[in-house]
Amino acid sequence: MNNDLNIDRLIHNMKETRIPEAEIAGKVMQKVHACHRNQRIEKRQWFRISPIWATVCVLLLISTASVSAAALLKTNWNGIQIHISNNGKSIPVLANKDGLSFKEELEAFLSKMSDVWVTLSVDEAAKQLSYPLLRPQDSKFTLVNSFGVVPRDPNYRVKTADEWFVSGFYDFFQWKQTDIVVRQYLDGHMTDSLRDPSKTLEMNYGASWEYVEITDDILAMFNGENYLVVSYKTADLNVITLEISGDLKKADMVALAKTYVGK
């Protein structure tokens, strides 16, 4: 994920690698085939002797398939495969220490890591970021602060498990004494897949996620832990992702997201 590996070159090398032919003695192959035939005979005899157990196995298979189908939802968004399953990724919640809100945690982290991360004004961020910023329309939510965050070294990579990768643009809102954080960033993988259909992409979400809205230009996913993720396809085929977090109901998060995408 840190782009340290050239996956395309690795795959190319694997395809070009020739496996040497092995000489197998005739006696060895005779034993292999004999063993294979014996196993097939034993399986056939078992099914003839135990038809009831065979029926039970078929019923179990049908039941298992039904449960799996119910637990796995699939859809397609502009060629990107979207799955919700019990084996999907969990919500990417950042550490919350000493009862601090995410807003307070982020501010403390940026202050501590000022030698790594640089904060930018709205105008500076608009010039430096490689995508057009989505700006919210007027709404019941009060915008109190906005800034961009970029690494001082463009090639910087996260070095420890406790460190956050916080690159993006942030809007802080307040509503009914609740802090709301909206982070937006360019999703490079989704953008590449959108622009080049030969590059396939599959995204897996855990069972706690649900679809909120899927249109040609919007993919909105909600997690029960007050977390909304909206991927927005722009006219120039960029995919800008909004991550909205706060102590809000799903309907309020969706309403805030709509002020960014004009829906």
- Note on the structure: Of the listed pairs 74/140; 176/258; 159/233; 74/127, those with alpha carbons more than 27 Å apart are 74/140; 159/233; 74/127
- Note on the structure: Simple spin-label estimate for residue 133/residue 155, 7 Å along Cα→Cβ, in nm, reads 2.9
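How high is the FRET efficiency from residue 86 to residue 123, r the C-beta distance, R0 41 Å, rounded to 0.05?
Numbers: r = 46 Å, r/R0 = 1.11.
Calculated value: 0.35.
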- Cα-Cα P(r), the stretch 114-195, percent of pairs per 5 Å interval: 3, 12, 20, 21, 19, 14, 8, 3, 0
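How many Å² of accessible area per residue for the stretch 196-263, probe 1.4 Å? Write down the numbers at each step before the final one.
Numbers: 2990 Å² over 68 residues.
For the stretch 196-263, the per-residue accessible area is 44 Å².
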- In square angstrom, rounded to the nearest 10, how much accessible surface does residue 123 have for a 1.4 Å probe? 110
- Message: I'd like the accessible area for residue 208, computed on protein heavy atoms only with a 1.4 Å probe and all protein chains in place. Round to 10 Å², please.
- Response: 70
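Under a 1.4 Å probe, what is the accessible area of the stretch 100-139 per residue, stated in Å²? Intermediate values should be presented prior to the final figure.
Numbers: 2460 Å² over 40 residues.
Accessible surface, normalised per residue, equals 61 Å².
When the accessible area of the stretch 136-203 is computed with all protein chains present and a 1.4 Å probe, what percentage of it is carbon and sulfur?
On the way: 1790 of 3930 Å².
Heavy-atom surface of the stretch 136-203 belonging to carbon and sulfur, 1.4 Å probe: 46 percent.
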- the stretch 156-209: Cα Rg divided by the 2.2 N^0.38 Å rule of thumb: 1.60
- Item | Accessible-area value, residue 198, 1.4 Å probe, nucleic acids and ligands omitted, Å² | 90
- Task: Would you mind working out the magnitude of the charge dipole of the stretch 106-147 relative to its Cα centre, with +1 at each Lys and Arg C-beta and -1 at each Asp and Glu C-beta, to the nearest 20 Debye?
- Result: 120
- Note on the structure: The alpha-carbon center of the stretch 213-263 and that of the stretch 104-131 are separated, in whole Å, by 22
- Write out the GluC sites (Glu not before Pro) in the stretch 188-245 meeting two conditions: DSSP loop, and at most 14 other Cβ atoms within 10 Å of their Cβ. 225
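Dipole size in debye (nearest 20) for the stretch 92-232 around its Cα centre, Lys and Arg Cβ +1, Asp and Glu Cβ -1? Could you put the intermediate results ahead of the total?
On the way: 13 positive and 22 negative charges, 49 e Å.
That gives the stretch 92-232 a dipole magnitude of about 240 debye.
Note down the magnitude of the dipole of the stretch 158-263 about its Cα centre, charges +1 on Lys and Arg C-beta and -1 on Asp and Glu C-beta and zero elsewhere, to the nearest 20 debye.
Values: 10 positive and 17 negative charges, 42 e Å.
Charge dipole of the stretch 158-263: 200 debye, to the nearest 20.
The values are calculated or read from the model by the stated rules, or taken from the named source; none is laboratory data. Values in this document were obtained by computation on a predicted structure and should not be read as measured data. Heads up, the Cβs are rebuilt from the backbone with ideal geometry, glycines too, and the neighbour counts pull from every protein chain shown. What goes into the accessible areas is simple: the full protein's heavy atoms, side chains included, and nothing from ligands, DNA or RNA. Shrake-Rupley method; radii C 1.70, N 1.55, O 1.52, S 1.80 Å.
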